Amino acid sequence: MAQPDCPQLISEDIIDFGRVQGVAEATTGIFVKKSGRTTGVTSGTINIINTTLKVEMNNKLVLFSDQIISNLKSEGGDSGSLVLTSDNLAVGLLFAGSDKISVFNRIQNVLEALDVKFHKEA
């Protein structure tokens, strides 16, 4: 984790979407969207949940389990984009994709692994 030198430059809003309103469980068929560095705003639906797949990394195949696949478009540089529902509930964290599909980690797994929570206003 990192701490910004100038916290005033950090916004809690996601570009084009505003604030995250909480988290939701990913289910097939739901609408999802993301705002990524490379492809900007794209949207789609969740096609597959709880899948296991192999991804090539550094000329090796690496196995990832409990992943979500969507027809959301993404490209290199979009990794790390938060995947949201239409009402800005986080469902995943994007890590791989193409012009046809995106693969993302279930948000509950990410939050648990990093021991973080979304900030709630009082």
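Please compare each pair in LYS54/LYS117; LYS33/LYS73; LYS33/LYS100; LYS54/LYS100 to a cut-off of 19 Å on the Cα-Cα distance and tell me which ones are over it.
LYS54/LYS117
Arranged by the count of other C-beta atoms within 10 angstrom, fewest first, what order do ASP5, ASP16 take?
On the way: ASP5 6, ASP16 10.
Placing the least packed residue first, the sequence is ASP5, ASP16.
Please list, ordered by chain and number, the residues whose modelled amide H lies under 5 Å from the amide H of LEU89; skip anything fewer than 5 residues away on the same chain.
Here GLN21 satisfy the definition.
Take each of the peptides 70-80, 42-52, average the number of other beta-carbon atoms within 10 Å over its residues, and list them starting from the highest.
70-80, 42-52
With each label point set 7 Å from Cα along the Cα-Cβ vector, what nm distance links THR51 and GLU12?
Here the answer is 3.5 nm between the modelled labels.
Rounded to whole Hz and in sequence order, give me ³J(HN,Hα) for the stretch 61-72 from the Karplus expression 6.51 cos²θ - 1.76 cosθ + 1.60, θ = phi - 60°, writing x for Gly and Pro.
Coupling constants for the stretch 61-72: 8, 10, 8, 10, 10, 6, 9, 10, 10, 9, 8, 5 Hz.
Under 5 Å between amide H atoms, partner at least 5 residues away or on a different chain: which partners does SER43 have, H built in plane at 1.01 Å?
Those qualifying (amide H under 5 Å, at least 5 residues apart or on another chain) are LYS73.
What Rg and what Dmax come out for the chain when only alpha-carbon atoms are used, in angstroms?
Computed over the Cα atoms of the chain, radius of gyration and Dmax are 14.5, 47 Å.
Here, each number is a calculation from the coordinates, and none is a lab measurement. The shown structure was predicted, so the numbers you read here are calculated from the model rather than taken from an experiment. All Cβ positions, even for glycine, are placed from backbone atoms using ideal geometry, and neighbour counts span all protein chains on display.
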